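The values are calculated or read from the model by the stated rules, or taken from the named source; none is laboratory data. Because the structure is predicted, anything quoted here is derived from the model rather than measured. All Cβ positions, even for glycine, are placed from backbone atoms using ideal geometry, and neighbour counts span all protein chains on display. Just so you know, the surface numbers come from the protein's heavy atoms only, side chains and all, with ligands and any DNA or RNA stripped out. Shrake-Rupley method; radii C 1.70, N 1.55, O 1.52, S 1.80 Å.
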Amino acid sequence: MSPFHQLLVYRFGRGARFEGQVVGTLERLEVGGAILVLDLLFVGRDDSGELFGLLAGSGRAGGLVSRLLTFRLDPDKRRRATREVPTDLLDGLGNRLAPGEAFVVLLVSHEWARELGQAVARLGGTALPSEFVEHTTLTDAVARILDLARATP
């Protein structure tokens, strides 16, 4: 996997209302050039316990809006979309859900990081290992920074 790709997994409990906020946020991030949505997977159980899913492959988040709306409103298209989700993903996630719960899984490309990495490489720099941290200042992260710097040849 590219160092610029990230797998994000979110779980939603009963009563979560999917009204487009997540897709809207993804669209804004893509338009701004920060990320590119490579894949989106939605797996849920309705209140009756029926399992459903949608795998929306490569493409821009903007194309997801109509697909998700149709998925939500048209039971026939929802069943068809569910059959297209690989069984191991559908069952593997679905078995962890109670009625009314859902997972949203995203594979995104951090376009900003790719561009920054290219600029650094043009100057002869080398990317060192990086990670997500909870620190809010570099002085709070001194120990972790030194660990990452020591990991390089």
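Can you tell me which residue is nearest to Gly94 (Cα to Cα) among those in the stretch 1-21 that are open to solvent by less than 70 Å² (accessible area, probe 1.4 Å) and under 16 Å from the mean Cα position of the chain (by Cα)?
Phe12
For the structure I just gave you, tell me whether Ser109 is of a type in the set (Gly, Ala, Ser), open to solvent by 70 Å² or more (accessible area, probe 1.4 Å) and outside any helix (DSSP H, G or I).
Answer is no for this residue.
Which one of the conditions (1) under 22 Å from Leu29 (Cβ atoms); (2) touching a Leu at 6+ places or on another chain (Cβ under 7 Å) does Gln118 fail to meet, given that it meets all the rest?
Condition (2) is where Gln118 drops out.
Within the group Gly124, Gly100, which residue is in contact with a Gly (Cβ under 9 Å, 6 or more places away or on another chain), not aromatic (Phe, Trp, Tyr) and not in a helix (DSSP H, G or I)?
Sole residue among the options that is in contact with a Gly (Cβ under 9 Å, 6 or more places away or on another chain), not aromatic (Phe, Trp, Tyr) and not in a helix (DSSP H, G or I): Gly100.
Filter the stretch 46-77 for residues that are within 20 Å of Phe12 (Cα to Cα), of a type outside the set (A, V, I, L, M) and modelled with pLDDT of 90 or more and give the result.
Correct list: Asp46, Asp47, Ser48, Gly49, Glu50, Phe52, Gly53.
Under the condition of being aliphatic (A, V, I, L, M) and free of Cβ contacts under 8 Å to residues at least 60 places away in the same chain, which residue from the stretch 1-44 is farthest from Leu68 (Cα to Cα)? So that I can check it myself, show each step before the final result.
Step one: of the stretch 1-44, the residues aliphatic (A, V, I, L, M) are 1, 7-9, 16, 22-23, 26, 29, 31, 34-38, 40-41, 43.
From the residues that got through so far, the ones that are free of Cβ contacts under 8 Å to residues at least 60 places away in the same chain too are 1, 23, 29, 31.
Working: Met1: 27, Val23: 9, Leu29: 18, Val31: 19 Å.
Ranking the candidates gives Met1 first.
What is the one condition in (1) surrounded by 11 or more Cβ atoms within 10 Å (Cβ to Cβ); (2) acidic (Asp, Glu); (3) under 24 Å from Val37 (Cα atoms) that Asp147 does not satisfy?
(3)
Looking at the stretch 130-139, which of the residues that are without any contact (Cβ under 8 Å) to a residue 12 or more places away in the chain and open to solvent by 90 Å² or more (accessible area, probe 1.4 Å) is farthest from Phe4 (Cα to Cα)?
Thr139
Ala127 fails exactly one of the following numbered conditions: (1) under 21 Å from the mean Cα position of the chain (by Cα); (2) touching a residue at least 40 places away in the same chain (Cβ under 8 Å); (3) open to solvent by 90 Å² or more (accessible area, probe 1.4 Å). What is the number of that condition?
Of everything listed in (1) under 21 Å from the mean Cα position of the chain (by Cα); (2) touching a residue at least 40 places away in the same chain (Cβ under 8 Å); (3) open to solvent by 90 Å² or more (accessible area, probe 1.4 Å), Ala127 misses just condition (1).
Hey, can you tell me all the residues within the stretch 66-101 that are out of contact with any Leu (no Cβ under 9 Å at 6 or more places or on another chain) and open to solvent by less than 70 Å² (accessible area, probe 1.4 Å)?
Within the stretch 66-101, Thr70, Asp74, Pro75, Gly92, Ala98, Pro99, Gly100, Glu101 qualify.
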